[in-house]
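The structure under discussion appears below in the form of structure tokens.
The values are calculated or read from the model by the stated rules, or taken from the named source; none is laboratory data. Values in this document were obtained by computation on a predicted structure and should not be read as measured data. All Cβ positions, glycine included, derive from the backbone under ideal geometry; neighbour counts span all protein chains shown.
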């Protein structure tokens, strides 16, 4: 399996090379040269697999430059009950991503049982282990540069802390994360972790990361890699739980399922798109946005118009306060028939701060990929949290609430609807309390998290200041 860039001007690479590189040299994102397709017989064999076996079965389709025995060991080390041990009391941690039935044909795929209580742990724990393995084999070191709106950062840092040959420089928008999210990141005292709070919004942090990665001389000299979902390894790891969720709620492969995904940077739902391309019987992929509804506008009109930092709202689902979704380029590449020339024409407009509108022909193709969308406001989130708590006694976080609202907008009696959980509600407990008058229960180990000493630096919105920090602390 080789990987190609969406922009068509980078050499084909093997998985390990793509893993360490992150962004392609031409500024594009890596995708597999083709999507492997599972047959009906293969899907039947996968139904009874453990999460670990399911992950290995999928990974080996995409990774052929790591020996199978080593890959299996990495998978088993990653997806263990010891690591994913924050499952709700009625669920088993061994399931890794348990499926919870909420009501008729509505299910919650629990993805937040990892060490930072967010779905990002599923991919980050794998990335931490496979990074360490590949770097050791190649005799290399890596300086990871990332950006977070609240959940990627903690997940990356908990996965990478103490790892040999790895140093993490994590950018976050100053003052916009929940106190719990900020404390998770900033309380880490490990010497290989550096937290940088940028005066701006997440899109500013993301733009800095891309600017550094696009400086190929600097990237090569200082061995810069990425853990944001621009890294294909993140998308690959997230494909697995779509298969797991599907098998949990169906009994035969003729049944179709809808998935609703709270969406900011389009990485999580991009994994669903890939799963569908691999033959998983997905009917609809529902894009759930908040007030930053750029993607909702696109899927309803064909017009993609990212907003500026000043036009990006700060909301009660802050991890989705993103107006320029990095992974969206991967889907548009497929939508355009993998035409790199056409993709570059569209993205030149985006890189110039403008917008693009799909042709009528390409806009009609969106239905072929199963995408629909919906947006939410704060009142919708409060209503979703409240109604679910009153009806079935389940407490959800604000981002998952965006997903529940979108699921209700697009639910069909004929298909099970699975909502992907974003985080445990304790990460956004003030908003949850506003909705139901009850604080979600915290594990004892996290009760005083916000009282721990926090270590971070505040920077202006400047590419050069981040580069200097990397030089000084590499």
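What to note about this one:
- Residue check for residue 371: touching a helix residue (DSSP H, G or I) at 6+ places or on another chain (Cβ under 6 Å) and crowded, with 19+ Cβ neighbours inside 10 Å: yes
- Conditions (1) surrounded by 13 or more Cβ atoms within 10 Å (Cβ to Cβ); (2) part of a helix (DSSP H, G or I); (3) in contact (Cβ under 8 Å) with a residue 12 or more places away in the chain; number of the one not met by residue 465: (3)
- Residue within segment 46-58 that is touching a residue at least 40 places away in the same chain (Cβ under 8 Å), surrounded by 16 or more Cβ atoms within 10 Å (Cβ to Cβ) and within 24 Å of residue 218 (Cβ to Cβ) present: no
- Only a single criterion out of (1) within 22 Å of residue 319 (Cα to Cα); (2) surrounded by fewer than 14 Cβ atoms within 10 Å (Cβ to Cβ); (3) in contact (Cβ under 8 Å) with a residue 40 or more places away in the chain is not satisfied by residue 474, namely (1).
- Restricting the first member to segment 288-304 and to residues that are on the phi > 0 side of the Ramachandran plot, and the second to residues that are modelled with pLDDT of 95 or more and part of a loop (DSSP other than H, G, I, E, B), the beta-carbon pairs closer than 9 Å and six or more apart or on different chains are 302/358; 302/359.
- The criterion of at least 1 residues that are over 22 Å from residue 246 (Cα atoms) and touching a strand residue (DSSP E or B) at 6+ places or on another chain (Cβ under 7 Å) is met, among helices (runs of 4 or more DSSP H) falling completely within segment 1-87, by 15-21.
- Residue within segment 103-110 that is without any contact (Cβ under 8 Å) to a residue 60 or more places away in the chain and buried (at least 16 other Cβ atoms within 10 Å of the Cβ) present: no
- Total residues in segment 306-323, condition within 12 Å of residue 293 (Cα to Cα) and surrounded by fewer than 20 Cβ atoms within 10 Å (Cβ to Cβ): 3
- Residues that are in contact (Cβ under 8 Å) with a residue 60 or more places away in the chain and either under 17 Å from residue 30 (Cβ atoms) or within 22 Å of the chain's Cα centre (by Cα) (or both) within segment 339-350 comprise 340, 343, 344, 347, listed in sequence order.
- Checking each residue of segment 244-259 against the condition of being within 13 Å of the chain's Cα centre (by Cα), at pLDDT 95 or above and either surrounded by fewer than 24 Cβ atoms within 10 Å (Cβ to Cβ) or more than 17 Å from residue 147 (Cβ to Cβ) (or both) gives no match.
- Given (1) more than 30 Å from residue 145 (Cα to Cα); (2) assigned to a helix (DSSP H, G or I), index of the condition residue 471 fails: (1)
- Count - residues of segment 88-116 that are within 17 Å of residue 49 (Cα to Cα), in a loop (DSSP other than H, G, I, E, B) and modelled with pLDDT under 90: 1
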